[in-house]
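Notes follow the structure.
No value in this document is a laboratory result; all are computed from the given coordinates. Remember, predicted model here, so these are calculated numbers, not experimental data. We place every Cβ from the backbone using ideal geometry, glycine too, and count neighbours over all the protein chains shown.
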Amino acid sequence: MTEASEPTGPNGRAHTRYTPGTPCRVSLMVHDIAATQAFYTELFHWEFQPGPRGSGPSVRALLDGHEVADIGQLPPDRHLPVAWTPYLASDDVDLTAETVRLCCGTIGVGPLDAGEAGRLVIGSDPSGAVFGVWQTAARLGTRVAGGPGTPAWSELVTFETESVVKFYETLFGYEGRAAGPDGFDYVTLHLNGRPVAGVHGMGHALPRDRGSHWLTYFQVADVDSTLERLVALDGRALTPARDSAHGRVATVTDPEGARFALIQDPR
């Protein structure tokens, strides 16, 4: 799974220029931004600095001075699900937004400028899963690529893969490849021969309270000890830790209910 990281430069850092379709950032909108910062500081050892002005209260999560994630505060009158949202890279957000609409997706936010950092849009695919699209304005430094506390993989959890994979193939030119044993509905999305994201068809096992959704995997040094720490911090384990072909994994939520997964690199 950790093969999804963008090719790195010196010191293992990924440049902010990404091939279109590559997951390039993750964001979270919450009700209590201070409590959320405290939780992720203890869980992943993130540090924070103020986000761009003009976009509401927000912070950037950092590891060793390099950006890992963005966290913003929901307006008091917005009762939206709290969820991690992946952003897929684009060279032209406006054109991508139009393609989303033409392919029976919807656009909920944007396209709009995100200060000097870039331009974005937030939409949903035909299955209802929310995702973002990000166009970087310039090479504004580096983002962390790999290591504990960093996003390692993005996975779309949905009812079935066939129709929604066609949507993303049209949108970004992915090559979808079936993965896993017979009877296991899983497709890996490739760009230039490299796996960048997965689509997991769960059928009737798809959680009804969530519907189709993107799940972000964060790398950790040890899933079991991180899971214990998460529970002590008022997070919740949705699945017990288990071994997989890509490393030990567990699905969890933070105190506000945002789902994500922990993955321990088997190497």
Rg/Rg_globular for segment 206-252, with Rg_globular taken as 2.2 N^0.38 Å and Rg from C-alpha atoms:
1.22
Counting pairs of alpha carbon atoms under 8 Å apart in space and at least six apart in sequence, what relative contact order in percent does the chain give?
19
If I model a spin label at GLU169 and SER124 as a point 7 Å from the Cα along the Cα→Cβ vector, what separation in nanometres do I get?
2.5
What does the charge count around LEU95 come to, taking other residues whose C-beta lies under 12 Å from its C-beta (Lys +1, Arg +1, Asp -1, Glu -1)?
-2
Note on segment 118-267: contact order normalised by length, alpha-carbon pairs under 8 Å, 6 or more apart, percent, works out to 21
Subtracting the Cα-Cα distance of ALA221 and GLU98 from 0.36 nm times their residue separation yields 40.2 nm
Figure the gain on full extension for ALA137 and GLU162 (residue separation times 0.36 nm, minus the Cα-Cα span) and round it to one decimal in nm.
5.6 nm
Report, for the chain, the % of DSSP beta bridges that are antiparallel, rounded to 5.
80
Where in segment 135-224 are there trypsin sites (Lys or Arg not before Pro) that are in a DSSP coil and have at most 13 other Cβ atoms within 10 angstrom of their Cβ?
ARG139, ARG208
Can you grab the distance from the C-alpha centre of segment 187-206 to the C-alpha centre of segment 82-122, Å, no decimals?
20
Add +1 for every Lys or Arg and -1 for every Asp or Glu among the other residues with Cβ under 15 Å from the Cβ of THR106, and state the total.
-1
Helix-only CD estimate at 222 nm, as mean residue ellipticity for the chain, using -39500 (n - 2.57) per DSSP H run (n ≥ 4)
-5000 deg cm²/dmol
GNM, the chain, Cα, under 10 Å: largest mean-square fluctuation among PRO50, PRO181, PRO86?
PRO181
Can you check what the net charge comes to around LEU74, using other residues whose Cβ is under 12 Å from the Cβ of LEU74 (Lys, Arg +1; Asp, Glu -1)?
-2
Between MET202 and ASP91, 0.36 nm times their residue separation minus their Cα-Cα distance comes to what?
36.8 nm
When DSSP assigns beta bridges and you keep just the ones with both residues in segment 32-134, what percent turn out antiparallel, to the nearest 5?
90
Restrict the search to segment 103-206; then list the chymotrypsin sites (Phe, Trp or Tyr not before Pro) that DSSP places in a loop and that have at most 13 other Cβ atoms within 10 Å of their Cβ.
PHE184
Cα-based Rg and Dmax for segment 11-113, in Å, come out at 15.2, 43
On the formula 1/(1 + (r/R0)^6), with r taken between the Cβ atoms of HIS79 and HIS45 and R0 of 30 Å, the FRET efficiency rounded to 0.05 is 0.45
Order by neighbour count: GLU67, GLU155, GLU42, fewest other Cβ atoms within 10 Å first, most last.
GLU42, GLU67, GLU155
